[in-house]
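Remarks on the structure that follows.
The values are calculated or read from the model by the stated rules, or taken from the named source; none is laboratory data. Being a predicted model, the structure only gives us computed values, none of them experimental. All Cβ positions, even for glycine, are placed from backbone atoms using ideal geometry, and neighbour counts span all protein chains on display.
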Amino acid sequence: MRRLCNLMSGARFRFYAELNDFLPEENRGKELTRYFSVSGSVKDFVESFGVPHTEVDLVLANGHPVDFAYPVRDGDRVSVYPVFESLDISSVSRVRPTPLRTLRFVLDVHVGRLAAYLRMAGFDALYGLQASDAELASIVAREGRVLLTRDRYLLMRTAVDRGYWVRSTEPKHQLLEVVKRFDLAGSMRPFTRCLNCNTLLEEASRESVFDRLPPKIMDKDVFRVCPSCQRVYWEGSHHERMSKLLGWVKANLPLPPMA
Ligand SMILES: [Zn+2]
C-alpha cells in the first residue's frame, strides 16, 4: 500500500554572484528549499525563483554539471552559476551552447536608446519591430540573435536561448553593461553602421552626396552613406559626443588580466 507521508519532495537551490539580482533581498546568498509533488526540469525550477535561464552558465546537481533538461529529484542540492567572466570553469561542461562568432542583437521596445548606441559602436542591433514577445523569441531562435531586454519573463521563453537582462535603466550604463558582459571592447567599429536602419555604411565622395548636405558642412571630406535608407553621415558635433561616450565606456571597462 502506498504511504501517505512523504508525498512532497524537496530540493535545495543556491544562486551565485549576480544571479542574486533576481532574488528578493531576504533570499540572496542563501540556500533555498523548493518543495514539489511533481518534478520538472531544472530550467523550470531555476526560473520559478525568477532567474531567466539565459543568465545561467552552469548548473551543478549534487556537484555534477547537468543540462537544463535535468529532472530535479528529491533531496537534490542544486548550485546555479551565472556567466563567468574570470573564474576558470573550463574543466566542466557548461549548459550554454558555444558562443556565436559574431554577436548580433535584437532589442525589445523598451531599450531603444541602447540599440542606437550599439549601432553607433558598429554592432548589428535589430530594433523597432512591432513584434510580440513570441515573435521576438522566434527571431532569436531563427537568426541566432542575442535578446537584450529589461523584461526577465521574456528571457524565460524556451526559444530564447541567448539573452541578457539589462540591469541599468540608464542607456549609457546599459551600453557599458553589454560591452562588459559580451566582451565587446575589441570588436567595436564605431560609425560603420546606420543608426536609422542598422545597415552597414559605405564611404561616399562629397560629390555623390552634395545635394543632400546642409550648406554649413559642405567643407567636410569624409562622408558615409547608408545604401538602404540613403542617410548621409559626416564628422560633426554629434559624432564628437558619440566618440566621448565610447571613450567613457572603454575607460570604465576592467583592465585585461596581466600576461
Ligand atoms: Zn540606413
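Listed values, structure above:
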| quantity | calculated |
| --- | --- |
| Filter pass, TRP165 being aromatic (Phe, Trp, Tyr), modelled with pLDDT of 85 or more and more than 16 Å from the ligand (Cβ to nearest atom) | yes |
| LEU246 being at pLDDT 90 or above, under 19 Å from VAL83 (Cβ atoms) and outside any loop (DSSP other than H, G, I, E, B) | no |
| Search result, residues across region 16-41 that are of a type in the set (Ser, Thr, Tyr), surrounded by 12 or more Cβ atoms within 10 Å (Cβ to Cβ) and at pLDDT 95 or above | SER41 |
| Restricting region 228-243 to residues that are more than 16 Å from the ligand (Cβ to nearest atom) and more than 13 Å from PRO190 (Cα to Cα), the residue that is surrounded by the most Cβ atoms within 10 Å (Cβ to Cβ) | GLY236 |
| Members of region 117-167 found to be more than 12 Å from the chain's Cα centre (by Cα) and small (Gly, Ala, Ser), listed by number | ALA121, GLY122, GLY128, ALA131, SER132, ALA134, ALA137, SER138, ALA141, GLY144, ALA159 |
| Residue list for region 169-207, restricted to those being exposed (fewer than 15 other Cβ atoms within 10 Å of the Cβ), polar (S, T, N, Q) and in a loop (DSSP other than H, G, I, E, B) | THR169, SER205 |
| Every residue from region 138-164 that is buried (at least 22 other Cβ atoms within 10 Å of the Cβ) and hydrophobic (A, V, I, L, M, F, W, C) | VAL140, VAL146, LEU147, LEU148, LEU155, VAL160 |
| Residues of region 214-227 satisfying the condition of being more than 16 Å from the ligand (Cβ to nearest atom) and touching a strand residue (DSSP E or B) at 6+ places or on another chain (Cβ under 7 Å) | ILE217, LYS220, VAL222 |
| Some residue of region 176-188 being on the phi < 0 side of the Ramachandran plot and within 16 Å of the ligand (Cβ to nearest atom) | no |
| Residue, modelled with the lowest pLDDT, within region 69-100, restricted to residues that are buried (at least 18 other Cβ atoms within 10 Å of the Cβ) and in a loop (DSSP other than H, G, I, E, B) | VAL95 |
